[in-house]
Amino acid sequence: MEQPVTTLDKPAPARSQESPHLLLQAPQVDSGTPKCRRGPGVRRVPAVTALVALALVALSACGDDGDADAGAKAAVAKASVAKIKVSAKDGATNASISGTGVTVSGGKLTGVKLTEANSGKEVAGAISSDGSSWKPGVQLERGTKYRIAAKAKDSKGRTATENSSFTTVSNANSFIGSYTPDDGKTVGVGMPVSFNFDKAITNKKDVQSHITVTSSSGQKVVGHWFGSQRLDFRPEDYWKAGSKVTMKIDLDGVKGGQGISGVQSKTVSFTIGRSQVSTVDMNTQQMTVKRDGKTYKTIPISGGSPDHQTYNGQMVISEKFEQTKMDGSTVGFTSEAETYKIPDVPHAMRLSTSGTFIHGNYWSSSSVFGQAGTSHGCIALRDQKGGGGDTPGKWFFGESLVGDVVVVKNANDKTIKPDNGLNGWNMSWSEWQAGSAA
């Protein structure tokens, strides 16, 4: 029987795969087994040497991780816990013009700078007393690019910064409403809240629901749409004298129609003054002024002529001018016999959009007042050129507020339309409510 070959020329059997941890086993004790001669180029690394090398590698790796952890911990220790938030995201192209601002948590703002990107003009603003927020002092322009840089510190004095560049919503993609009365005004009992939007509103319900008008008197206030661009608010009866009316506008981001959103967000308050309602009787050419329900004064007037009657109805004073120019051609009087140009009409107060005023008159004979209608539809009171002297025109102007009511009766003309001026009082309450979209 053939004996097994034991020569070194025969290759050794293939070794099985062993787990890496076996490399760390201690060297075996020599059992006296004959040592075989190694083949050329083969060198055995003593097990102890391998163990030492592995240990050194392990120690080196541990040392690197320790340094990295220490560095990370140091970086964290130096970082500020103040977190700054700019309302307009960096790169935004439809940022709000009224809601832009900066807030901070975990610290206090130390400085905020907002500038127009193209001109470099700085926009004034103020940090709140507690250092937690900043707001611009004015409403931003639509369709304008801005840059903002904010700084803050936490309680340990560590600094945080935040920068943002954004563009406000464009004119084409936004709508805005001009309104009356202005904040802080004192007005008469007939003054409605009136909005005129710069674009047609198709989403009337949402727009109206984001404008709330309340009164300290507790009167119910309802909105009414005149077409697609005008929205007025009023109670069923005139405002209560001395009450305070608050209008909250929350239109920022509200969809007004296809491709347009609101940009306004503010609260406006105004005060209702004493009650003054003046009644003009065209039959007698007299005006009776009532203050808080009691007759205050009776003044002779000259209303519209038989050919140019004054409107009947309740009319609200919407503007007051110490002196103004009146040109008949601007309100439809074009013939030489009808037209007029008076450059210095004194004490004029507007009653309608179409050109009805109650005003002083110095060019007519004093004998016509209280006797005959001679105007082109206005209500004239005796006055002096330049507005001086003690005259009925000057007296009534001084005693009147924007929002006071002038009622005309017994004129041979129709009742003024509710949307011709601030004259929604000529509509019944049921009709008014029917025009609400909310």
Quiz prompt | Average silhouette area of the stretch 184-235, convex hull of alpha-carbon atoms, in square nanometres | solution = 4.2
Self-check item: Cα-Cα P(r), the stretch 95-175, percent of pairs per 10 Å interval
Solution: 19, 47, 26, 8, 1
Practice problem: Using all C-alpha to C-alpha distances in the stretch 344-438, build P(r) with 10 Å bins and read off the rounded percent in each one. | Solution: 14, 41, 30, 11, 5, 0
Quiz prompt | Solvent exposure ordering (accessible area, 1.4 Å, most first) of LYS240, LYS204, LYS297 | solution = LYS240, LYS297, LYS204
Quiz item: How would ILE97, ILE342 line up by accessible area, probe 1.4 Å, largest first?
Solution: ILE342, ILE97
Quiz item: So what's the projected area for the stretch 144-228, the Cα convex hull averaged over all directions, in nm²?
Solution: 10.3
Quiz item: Where the accessible area of the stretch 207-311 is counted over protein heavy atoms with a 1.4 Å probe, how much of it, in %, is carbon and sulfur?
Solution: 45
Self-check item: Cα convex hull of the stretch 228-307 - mean projected area over all directions, nm²
Solution: 9.3
Exercise. State, to one decimal in nm, how far the label point of ALA172 lies from the label point of THR284, with both points 7 Å from Cα in the Cβ direction.
Key: 6.2
Quiz item: Once the whole set of protein chains is in place, how much accessible area is left on ARG147, using a 1.4 Å probe, in Å² to the nearest 10?
Solution: 120
Practice problem: Using only C-alpha atoms and all pairs of different ones, pull out the Kirkwood radius for the stretch 180-289 in Å with one decimal. | Solution: 15.3
Quiz item: Relative to the present Cα-Cα distance, how much length would full extension add between ALA434 and PHE321 at 0.36 nm per residue of separation?
Solution: 37.2 nm
Self-check item: Difference of contour (0.36 nm per residue) and Cα-Cα distance, ARG158 to ASP390
Solution: 76.5 nm
Exercise. Please give the length that would be gained between SER132 and THR298 if that part of the chain were fully extended, namely 0.36 nm times their separation in residues minus their C-alpha to C-alpha distance (nm, one decimal).
Key: 53.9 nm
Exercise. State, to one decimal in nm, how far the label point of ALA372 lies from the label point of SER228, with both points 7 Å from Cα in the Cβ direction.
Key: 5.0
Exercise. Could you pull the accessible area for ASP250 with a 1.4 Å probe, rounded to 10 Å²?
Key: 70
Quiz prompt | Cα gyration tensor of the stretch 371-420 - equivalent ellipsoid semi-axes, whole Å, descending | solution = 24, 16, 9
Exercise. Take the alpha carbon atoms of the stretch 159-229, find their center, do the same for the stretch 92-123, and report the distance between the two centers in whole angstrom.
Key: 24
Quiz prompt | Residues of the stretch 271-418: accessible area per residue with a 1.4 Å probe, Å² | solution = 46
Quiz item: Going from most exposed to least, what order do SER318, SER119 have by accessible area with a 1.4 Å probe?
Solution: SER119, SER318
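The values are calculated or read from the model by the stated rules, or taken from the named source; none is laboratory data. Remember, predicted model here, so these are calculated numbers, not experimental data. Glycine gets a Cβ as well: all are built from the backbone with ideal geometry, and neighbour counts include every protein chain shown. In case anyone asks, the SASA skips ligands and DNA or RNA and just uses the protein heavy atoms, side chains included. Shrake-Rupley method; radii C 1.70, N 1.55, O 1.52, S 1.80 Å.
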